[in-house]
1. For the range B:112-129, what are the residues that are open to solvent by 10 Å² or more (accessible area, probe 1.4 Å) and within 14 Å of the chain's Cα centre (by Cα)?
2. Could you check how many residues of the range D:8-40 are hydroxyl-bearing (Ser, Thr, Tyr) and open to solvent by less than 10 Å² (accessible area, probe 1.4 Å)?
3. Quick one: in the range C:59-82, which of the residues that are among the aliphatic types (A, V, I, L, M) and more than 7 Å from chain D (Cβ to nearest Cβ) is nearest to the chain's Cα centre (by Cα)?
4. Which of the residues belonging to the range A:105-150 are basic (Lys, Arg) and more than 22 Å from C:Asn165 (Cβ to Cβ)?
5. Taking the condition more than 7 Å from every other protein chain (Cβ to nearest Cβ) and either open to solvent by less than 20 Å² (accessible area, probe 1.4 Å) or part of a strand (DSSP E or B) (or both), does C:Ser85 pass?
6. Just the residues that are more than 22 Å from D:Gly82 (Cβ to Cβ) and assigned to a helix (DSSP H, G or I), please, taken from the range C:22-65.
7. Regarding D:Val134, is this residue assigned to a strand (DSSP E or B), without any contact (Cβ under 8 Å) to a residue 40 or more places away in the chain and closer than 26 Å to D:Glu25 by Cβ?
8. Given (1) among the acidic types (Asp, Glu); (2) touching a residue at least 24 places away in the same chain (Cβ under 8 Å); (3) farther than 21 Å from C:Ala12 by Cα; (4) part of a helix (DSSP H, G or I), identify the lone condition not met by C:Glu169.
Protein chains: 4
Amino acid sequence: MIFINFKAYKEAFSRKALELAKIAENVAEKSGIYIAVAVNYLDLPLVAKSVNIDVFAQHIDPVDFGSFTGAVNAEMIKEYGGRGSLVNHSERRMKLADIDFCVSKLRSLGMKSIVCTNNVSTTAAVAALKPDFVAVEPPELIGSGIAVSKAKPEVVENAVASAKNICKEVKVLCGAGITNHEDYVRALDLGADGVLLASGIVKARDQKKALEELAGLI
Amino acid sequence: MIFINFKAYKEAFSRKALELAKIAENVAEKSGIYIAVAVNYLDLPLVAKSVNIDVFAQHIDPVDFGSFTGAVNAEMIKEYGGRGSLVNHSERRMKLADIDFCVSKLRSLGMKSIVCTNNVSTTAAVAALKPDFVAVEPPELIGSGIAVSKAKPEVVENAVASAKNICKEVKVLCGAGITNHEDYVRALDLGADGVLLASGIVKARDQKKALEELAGLI
Amino acid sequence: MIFINFKAYKEAFSRKALELAKIAENVAEKSGIYIAVAVNYLDLPLVAKSVNIDVFAQHIDPVDFGSFTGAVNAEMIKEYGGRGSLVNHSERRMKLADIDFCVSKLRSLGMKSIVCTNNVSTTAAVAALKPDFVAVEPPELIGSGIAVSKAKPEVVENAVASAKNICKEVKVLCGAGITNHEDYVRALDLGADGVLLASGIVKARDQKKALEELAGLI
Amino acid sequence: MIFINFKAYKEAFSRKALELAKIAENVAEKSGIYIAVAVNYLDLPLVAKSVNIDVFAQHIDPVDFGSFTGAVNAEMIKEYGGRGSLVNHSERRMKLADIDFCVSKLRSLGMKSIVCTNNVSTTAAVAALKPDFVAVEPPELIGSGIAVSKAKPEVVENAVASAKNICKEVKVLCGAGITNHEDYVRALDLGADGVLLASGIVKARDQKKALEELAGLI
């Protein structure tokens, strides 16, 4: 499984968000790998109805409908065709009670939650909340080009073990520094169910080629 | 001038956001009053291209393009046809340096800034940042149905005086509890350039009638 | 075990903090119950050297020594005789990664961590971080005078079960609305190792009598 | 005027906080310059009663007495002999409404407020709140050893002009990178009333010598 976080990158916004989502859809078809994208709020309505892969939000606010200026909640994402959301990304850390609120809310709406964590112990903690996915990303490797699966294999292995030990249904992704097929395969070998990545694809000179390479097509 | 903040109200989201924006457009035409709406991120792309009135975001994050998961910046709002943004709404208070960043950014992009404040002294402070609008809203009256222009006329008068004293071009709105035409007229009499309101219109049983009444059409 | 959180109550600040800590020390001696107090930073140095019971901070910042204006870290609390700290109190919620940082730091310094949570699932999550104590406090009952052990016994029971299931060494406290000996005994009956309370003692007309009653001395 | 921010530096904590405060007192006497120190909460009680110079807090929370676990308010600082507080330091940025609350509260208690800002426009904004001091510190120079008064003289000049233009009583400090007497004199020449500094003194190999040099004694 491959999740691509478009972040607030210019190279994955507006028209380019749609293009990259189409690339992801194409590579998913050709490779048979599950690929999903997490896009900007403004892009989500159009992207979600234009591609056949799962489209996620990058964040949701821990609120219901109501007097919450500027907020986007899970119900709204669902209304526009989003399948779920990243929660607690390292660039958007949340309070524990709010993570719990979002995971519960997403579950109750039949949506998927991908909760990001920074190490083994927070991965275990999040597993206890029973999200669909935990994505462990050592902050020092994010955007570094140094793959967590290569530089810190023990973090991936221990994160998988401790998460599954607490909740065996939870799927574990690893992120931070993932760039190529070798990093991806290594992550799977270490027990991860998939990878979460961003700059490795979004900032690649040739996004299509980068994703095809990641997926093992070339 | 009338600014309607749709907040995260179910009654002003998705299909209903578009309907209410159309109502606002219609009342603006009939009354000759400038009316603008501040909508949810997810609704903004469609609403902005469907109506001839100004469409604003309810919040922007104080960042440029880049590695900012979940963030929406001013450039993105502009790309999708938004004319500007609310900044520092009482339900989304910001740090001073971030307010300054957003006001400057919006100005440099030719977009409008509406900075919300809670009292006379913060209104003066914000005026020094030279936004297009300052909207003073005593927090205790927000959503109360008790109009600030009636309950605390001195707040409106003093906010206007202190803001214009620091920056005479800044326009001053008043908010909190505004519901009907009388509240609106009173706000203008006190020196305000317009009003910012939300529940008074959005939560009205008949939104069209409520806005027509506010605008003095009935 | 009884933990008394002095909060920022005037009735438990400065001279009154010392008096209440002395009362706690006295009741601990007479009753044989472990009683500890969590005091304001400014009061901690004097209180910690004046009583023979454990004195805790109410919060610590997730930082080491360095360029962190206004911050108080675990090392500082230890230097002044504090035995540990509350972490993630409902009035001072923290990000998950920061809770983890503080629990690890306190453990490595030989200090005690008491992490507050708001429900059963966050209690399980925190247990995975292996703090010394988890204190579950349903937010709606805090300061209500309605004891969680009476109003929501299932929350206490399930919190204890889910926490011990994940980490059997972790001790579970319950808080929110605890006022008298009956509430306390009921909490122990439900499997809790003790209680965390504040207003029930601090705001009592007679603090000494209130604590003696709580401890079953009268 | 010289304000020394001890931050959370180990070199200015506990026993060393008292030593450095004594050095500051001594240099103030010998030089005739007003020197004040901003110390850690835990150190404040002892330092405030041990020296004859003004002792400040590094931050205060925007609350009154009450149910605010972990909070320290202005009244508490006053009770322990503090003369005022830094507000909105770059390492502890606050929301605008909270800055306003703290400045008003400090004023009403007869205490001094030193509000930190990051550029000319936020300095003007803060001047409208009428604090005792505004301390402008371009974030990129903090801790850099490159003095703002040398590297960005126009920031200091413009900050002074815009602040005094809005409130002529407000005193303007400049900070960031100030290390030696030349930087200090230059700041005064640019119209500043004094300087706010931290690492330049606290992290100096010989704190006494560094402060004496800054004050022009050697």
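1. B:Lys112, B:Asn118
2. Number satisfying all stated conditions: 0.
3. Start the filter on the range C:59-82 by keeping residues that are among the aliphatic types (A, V, I, L, M), which leaves C:60, C:63, C:71-72, C:74, C:76-77.
Add one more test, that the residue is more than 7 Å from chain D (Cβ to nearest Cβ), and what stays is C:60, C:74, C:77.
Values: C:Ile60: 13, C:Ala74: 16, C:Ile77: 15 Å.
Ranking the candidates gives C:Ile60 first.
4. Within the range A:105-150, the first condition is being basic (Lys, Arg), and the residues that meet it are A:105, A:107, A:112, A:130, A:150.
Residues satisfying the conditions are A:Lys105, A:Lys112, A:Lys150.
5. Working: more than 7 Å from every other protein chain (Cβ to nearest Cβ): yes; either open to solvent by less than 20 Å² (accessible area, probe 1.4 Å) or part of a strand (DSSP E or B) (or both): yes.
Judged against the criteria, C:Ser85 is a match.
6. Passing the criteria: C:Lys22, C:Ile23, C:Ala24, C:Glu25, C:Asn26, C:Val27, C:Ala28, C:Glu29, C:Lys30, C:Ser31.
7. So D:Val134 passes the test.
8. All conditions pass for C:Glu169, except number (4).
The values are calculated or read from the model by the stated rules, or taken from the named source; none is laboratory data. Worth saying up front: this structure is predicted, and the values here are computed from it rather than measured. In this analysis, Cβ positions are derived from the backbone assuming ideal geometry, glycine residues included, and neighbour counts consider all displayed protein chains. Note: areas computed on protein heavy atoms with side chains; ligands, DNA, RNA excluded. Shrake-Rupley method; radii C 1.70, N 1.55, O 1.52, S 1.80 Å.
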